[in-house]
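Input: a single structure, listed below in structure tokens.
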Amino acid sequence: MRILIAASLLIIVAAQAARAHAFLDHASPAVGSRVTQAPAVVTLWFTQQLEPAFSTVEIVDGGGRRVDLGLQVDATDPTVLHVAVKPLPPGTYRVEWRVVSVDTHTTTGHFIFEVGG
Ligand SMILES: [Cu+2]
């Protein structure tokens with residue numbers, strides 16, 4: 001009986017893990033925020049571990065020009081992505097993310113932040 005209960009608990013946990021795709025938890029600069037200091041790196045925190053080889057982040061300025069330089073998964077936390085960016089003049093920037101989590105599900109989303117003087 002004890003084994004049966006343990007087995008069914010395992011199944012429930014597995015099912016919940018499969019439903020938990022990687023979504024954006026928060027970002028820096030914060031989603032929708034206005035910052036006075038242009039960031040050198042945009043950081044995104046996700047709700048699940050990512051497959052870095054299949055995850056992309058594009059950041060564009062108001063004219064649609066790419067400003068992202070490269071993507072790096074955090075060395076200690078595989079749910080965190082760091083995106084280096086060119087020097088950002090004041091303006092509105094759009095971050096488009098597409099990530100594949102370790103459960104192989106793809107999720108996408110976007111947000112903006114503003115650099116203002
Ligand atoms: Cu999933």
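The values are calculated or read from the model by the stated rules, or taken from the named source; none is laboratory data. Bear in mind the structure is a predicted one, so any value in this text is a computation, not a measurement. So basically every Cβ, Gly included, is an ideal-geometry build from the backbone, and we count neighbours across all protein chains shown. Keep in mind that these areas ignore ligands, DNA and RNA; they rest on the heavy atoms of the full protein, side chains included. Shrake-Rupley method; radii C 1.70, N 1.55, O 1.52, S 1.80 Å.
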(message) I'm checking a number: the convex hull volume of the Cα atoms of segment 21-115, normalised per residue, in Å³. What is it?
(response) 83
(message) How would segment 70-117 be classified by its alpha-carbon gyration tensor: rounded, prolate or oblate, with rounded meaning a/c under 1.5 and the a/b versus b/c comparison settling the rest?
(response) oblate
(message) Under the 0.36 nm per residue contour assumption, what length would be gained going from the current alpha-carbon distance of residue 103 and residue 72 to full extension?
(response) 9.2 nm
(message) Leaving ligands and nucleic acids out of the surface, order 74, 25 by accessible area at 1.4 Å, largest first.
(response) 25, 74
(request) With a point put 7 Å past each Cα toward its Cβ, work out how far residue 114 is from residue 82 in nm, to one decimal. (result) 2.9
(request) For 50, 71, write out the residues from largest to smallest accessible area, computed with a 1.4 angstrom probe and no ligands counted. (result) 71, 50
